[in-house]
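The values are calculated or read from the model by the stated rules, or taken from the named source; none is laboratory data. What you see is a predicted model, and the numbers here were worked out from it, not measured in a lab. Here the Cβ is made from the backbone with ideal geometry for all residues, glycine too, and neighbour counts use every protein chain on show. These accessible areas exclude ligands, DNA and RNA; they are computed on the full protein's heavy atoms, side chains included. Shrake-Rupley method; radii C 1.70, N 1.55, O 1.52, S 1.80 Å.
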Amino acid sequence: MYWEQEVEKIGQAKLKKMQLAALQKTIRRAQKSFYYEKLFKDNKLNAKIVKSVSDIQKFPFTIKDDLREHWPYGFVAVPKEKLVRMHSSSGTTGRATVVFHTLRDIAVWTNLLARCMYMVGMRQRDVFQNMMTYGLFTGGLGFHYGAEKIGALIIPAGAGNSKRQIQLMRDFETTVVHVIPSYALHLSTVFAELKLDPRRDTKVRIAFLGAEPHTEKMRKKIEEIYGYKAFNSYGLSEMNGPGVAFECPEQNGMHIWEDSFLVEIVDPKTLQPVADGEEGELVLTSLQREGMPLIRYRTKDLTRIIPGRCPCGRTHRRIERIKGRTDDMLILKGVNIYPMQVEKKLMEIEGVGTNFLIILEREGFNDDMMVKVEVDKKYFSGDMKQLEGLRRKIVEELKSEILITPKVNLVEPDSIPKGEGKAVRVVDNRKD
Ligand code: AMP
Ligand code: ZN
């Protein structure tokens, strides 16, 4: 049940002690990088002022722009010859950022991923199909190494090529998959095209869903279509990639591995810590990394700590599924809207298909939101009244959630383009 029982069930006192030692080491390591050396000097900071883990608050935050401005090697804290791997973020919000790893960093990351996969039941006998891009993106190689450590047979399928994915899955009797949630839904339409039913025609029993925000309803929908258990996998390249936080068999929040990451939740406006259990921006400090340690990195991801202990016995705290990013909040007619609110509502409505897109337009001084929604094919044959009824229902339901009335355009399955990577949920055509 446990990959590393002693660490996964570590007591609070022991964890704090371990974190403090690791934090002091991290500060000393970071000081060797161009960026932190100057920052610490200018602010009179060093490892000696860290007497408890809460002393982390004496240090400034690190943000994505700091990484961009010190491209390419400004954050590297070891001699370059000690680096063995580079990865980068997927660059959905501007220029990608790069992260470097030593051999030890890779070993620690690999172990974290093995811990995650083992936790939800993946074992040596499993056949693991990794449907994530291999390369700079961390979801491919990260999981690959973790699965190899467990000893599973890996099919490094990579992303895309849906028909081949299905064939591999069937021919080699895949039992575990790693997939982006929006792609899992897209793939289900290809199964349907091939007149196959994933529940009947595959042997997959576990899925890791990661890399993009998705609602509980979306998870349920995916589980329902495929007949497997789907577990939420969270990470970001700046903190290795996947393996930062992962759902356990309870499927109620993701354990964030506190032996590797120091967790803070702050108010994104004031940057002050929020009360326990309150929502805010996740801020992480790497505790194990040597190649490129990061201190108080603002993830921009919104979540909260779930209070209380998890029945699974693991003591690492749980974060709630990511609600969205502080930078994907839309402001329309003065109302704050997150794309996840739209997804949540849509997934509750019978007849809604597998993809949607929010389009923002500006006419004169008026901003409008149009939501394009794929719906079941049956609505497009015969009685158009049914289609109109569904459209009205969607408008009403969305209005109740986001407080403004969107335009809704219903389209046939697969008419919204779906790439191989993270889903694009918003197209903003407003010109300033
Ligand atoms: P990247 O560094 O390109 O891998 O992107 C990392 C970002 O993807 C995170 O900061 C999150 O915004 C998002 N992300 C990754 N995994 C999840 C997840 N399970 N749920 C929600 N968002 C996620
Ligand atoms: Zn648990």
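List of remarks:
- Flag for Ser233 being part of a strand (DSSP E or B), open to solvent by less than 40 Å² (accessible area, probe 1.4 Å) and polar (S, T, N, Q): yes
- Test: His178 is open to solvent by 20 Å² or more (accessible area, probe 1.4 Å), in the same structural domain as Lys300 (by TED's automatic domain parsing) and either under 30 Å from Ser260 (Cα atoms) or β-branched (Val, Ile, Thr) (or both): no
- Failed condition for Tyr226, given (1) of a type in the set (Ser, Thr, Tyr); (2) without any contact (Cβ under 8 Å) to a residue 40 or more places away in the chain; (3) more than 15 Å from ligand 1 (Cβ to nearest atom): (2)
- Lone unmet requirement of (1) β-branched (Val, Ile, Thr); (2) assigned to a helix (DSSP H, G or I); (3) touching a helix residue (DSSP H, G or I) at 6+ places or on another chain (Cβ under 8 Å) for Val395: (3)
- Any chance Leu302 is touching a residue at least 24 places away in the same chain (Cβ under 8 Å) and buried (at least 19 other Cβ atoms within 10 Å of the Cβ): yes
- Within segment 119-203, helices (runs of 4 or more DSSP H) holding 2 or more residues that are within 30 Å of Arg314 (Cα to Cα): 138-150, 181-193
- Checking segment 114-123 against the condition returns a match, with at least one residue being modelled with pLDDT of 95 or more, more than 20 Å from Ile225 (Cα to Cα), in contact with a Phe, Trp or Tyr (Cβ under 9 Å, 6 or more places away or on another chain) and of a type in the set (D, E, K, R).
- For segment 204-222, filtered to residues that are open to solvent by less than 30 Å² (accessible area, probe 1.4 Å) and either outside any strand (DSSP E or B) or not assigned by TED's automatic domain parsing to the domain that holds Thr110 (or both), the residue that is farthest from ligand 1 (Cβ to nearest atom) is Val204.
- Search result, residues across segment 237-283 that are aromatic (Phe, Trp, Tyr) and away from ligand 1 (no atom under 14 Å from the Cβ): Trp257
- Residues within segment 276-297 that are surrounded by 22 or more Cβ atoms within 10 Å (Cβ to Cβ) and of a type in the set (Lys, Arg), tallied: 1
- Within segment 241-253, the only residue that satisfies the criterion of being in contact with a helix residue (DSSP H, G or I) (Cβ under 7 Å, 6 or more places away or on another chain) and open to solvent by 10 Å² or more (accessible area, probe 1.4 Å) is Pro242.
- Taking the listed residues Pro273, Pro268, Pro311, the one that is under 20 Å from Val53 (Cβ atoms), surrounded by fewer than 21 Cβ atoms within 10 Å (Cβ to Cβ) and not assigned by TED's automatic domain parsing to the domain that holds Asn409 is Pro273, with no other qualifying.
- Cβ-Cβ under 7 Å pairs, at least 6 apart or on other chains, segment 159-177 side touching a residue at least 40 places away in the same chain (Cβ under 8 Å), far side of a type in the set (Phe, Trp, Tyr): Val176/Phe128
- Listed conditions (1) touching a Pro at 6+ places or on another chain (Cβ under 9 Å); (2) within 16 Å of ligand 2 (Cβ to nearest atom); (3) among the β-branched types (Val, Ile, Thr) are all met by Ile319, apart from (1).
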